[in-house]
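Have a look at the structure below before the remarks.
Please treat every number below as a calculation from the coordinates, not as lab data. Owing to the predicted nature of the structure, the values given are computational and were not obtained by experimental measurement. Here Cβ is always computed from backbone atoms with ideal geometry, including for glycine, and neighbour counts include all displayed protein chains.
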Amino acid sequence: MWIFGRKGESGFSACSTAEEVARGIDASGLTAIVTGASSGIGTEATRVLAMCGVHVIMAVRNVDSGRKVKETIVKENPDAKIDVMELDLGSFASIRKFASEYNSAGLPLSILINNAGVMAPPFMLSQENIELQFSTNHLGHFLLTNLLLDNMKKTARESQKEGRIVNVSSEGHRYVYREGIRFDKINDSSSYYNILAYGQSKLANILHANELARRLKEEGVAITANSLHPGAIATNLLRHHGFIEGEVYNLKMLIRILKIGAATTCYVALHPQVKGVSGEYFADSNISKPSALAKDAELARKLWDFSLKLTGSK
């Protein structure tokens with residue numbers, strides 16, 4: 001990780017903002033889906049992508065909140081192309097409905113940013129009775145990606161432009177249960193530890209991107225898949241914690257934090273330097289090294305099969 005403003009090989013650092021990494025990029029003609037776009041990093045990523053000419057679909061659980069964010073962005077940038085669609089990543093039915101409606105609308109898809117998530121809540125189950133963090137942060141995005149992948153392949157083929165899948169993970173992937181992914185204990189409430197379960201879901205985000213990258217390369221498809229750490233920022237992810245207080249809620253500081261927090265997401269989604277790069281983990285808008293578990297190809301394949309089974313996918 002590049003600390004205290006020191007620039008990495010990309011020319012950017014931990015202090016670079018999303019606008020800075022996207023400066024000068026013309027992404028007109030591209031269409032992107034950003035999950036969790038109604039707050040935090042998702043909102044800033046939406047704003048910057050739209051600023052670069054991307055048609056952004058805000059995939060949000062709360063449509064009213066999403067529309068308010070859209071109105072704010074369009075007021076600042078009247079040329080912004082933004083639509084809002086309902087998506088609850090905690091519900092497989094909602095994910096299937098979203099993907100069906102999106103694909104049926106004939107919309108192309110060049111960029112998929114799997115950003116939404118929950119962080120360290122008490123033990124809860126999703127609508128499918130799967131531990132909430134693993135289901136929302138990983139399985140929801142795994143299913144969504146699979147359902148949209150044919151669309152992305154078609155778009156890449158017809159547009160002759162590279163598609164990009166971006167999984168927003170976290171440095172929290174290093175703090176997990178000993179086995180990494182607890183395949184036999186996903187729903188074990190007796191040994192549940194919220195921070196380690198969060199790390200498990202973020203580890204799954206990286207493993208998912210790595211295995212997807214391998215499969216896409218093998219297939220010869222012009223779509224990349226990468227994962228990233230967005231930075232330690234204060235967003236709605238921390239709504240289950242009371243320790244984010246005081247100065248962090250200073251509006252100017254919070255805006256600056258979000259501008260930096262979305263930088264790596266925008267870099268991986270848009271920057272020419274990332275063209276053809278797949279199966280990598282980024283932090284501070286530079287390629288970084290994940291944990292040993294995150295690089296375990298066999299664990300990634302096992303997680304893929306496990307995820308197919310849990311989501312009822314092919």
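Remark: the ASP64-SER28 segment gains 10.3 nm on full extension, using 0.36 nm per residue and subtracting the alpha carbon distance.
Per-residue extension of 0.36 nm, minus the Cα-Cα distance of ASP79 and ARG174, leaves a gain of 30.1 nm for this segment.
With θ taken as phi - 60° and the Karplus curve 6.51 cos²θ - 1.76 cosθ + 1.60 applied, the whole-hertz 3J(HN,Hα) list for the stretch 167-181 is 9, 7, 9, 5, 5, x, 5, 7, 10, 10, 4, 3, 7, x, 10 Hz, x standing for glycine and proline. Of the beta bridges in the chain, as assigned by DSSP with both residues counted there, near 15 percent are antiparallel.
Only Cα pairs under 8 Å and 6+ residues apart enter the sum, and on that basis the relative contact order of the chain stands at 22 percent.
For LEU87, the residues whose amide H sits under 5 Å from its own are VAL60, ARG61, ignoring neighbours fewer than 5 places away on the same chain, with H placed 1.01 Å from N. Note on LYS7: aspartates and glutamates with a C-alpha under 18 Å away, same-chain residues under 8 apart excluded, are GLU19, GLU20, ASP284.
Note on the chain: helix-only mean residue ellipticity at 222 nm, from DSSP H runs of 4+ residues weighted -39500 (n - 2.57) and normalised by residue number, equals -12500 deg cm²/dmol. With neighbours defined as other Cβ atoms within 10 Å of a residue's Cβ, the residues MET124, MET85 order from fewest to most as MET124, MET85. With θ taken as phi - 60° and the Karplus curve 6.51 cos²θ - 1.76 cosθ + 1.60 applied, the whole-hertz 3J(HN,Hα) list for the stretch 295-307 is 9, 7, 5, 5, 5, 5, 5, 5, 5, 4, 5, 4, 5 Hz, x standing for glycine and proline. Could you tell me the calculated FRET efficiency between MET124 and LYS7, based on Cβ-Cβ distance and R0 = 41 angstrom, to the nearest 0.05? Result of the calculation: an efficiency of 0.50. Taking amide H as placed 1.01 Å from N in the peptide plane, ARG164 has its amide H under 5 Å from the amide H of ILE111, LEU112, THR224, each at least 5 places away in sequence or on another chain. Here is the list for the stretch 1-72: chymotrypsin sites (Phe, Trp or Tyr not before Pro) lying in DSSP coil, each with at most 13 other C-beta atoms within 10 angstrom of its C-beta, are PHE4. With a/c under 1.5 counting as rounded, go ahead and sort the stretch 18-311 into rounded, prolate or oblate using the C-alpha gyration tensor (a ≥ b ≥ c being the square roots of the eigenvalues; past the cut-off, prolate if a/b is larger than b/c, else oblate). Note, shape of the stretch 18-311 comes out rounded.
Past 30 Å, Cα to Cα, is the threshold; run LYS153/LYS289; LYS161/LYS295; LYS97/LYS289; LYS81/LYS314; LYS97/LYS202 against it and keep the listed order. The pairs that break the limit, which is 30 Å between Cα atoms, are LYS97/LYS289; LYS81/LYS314.
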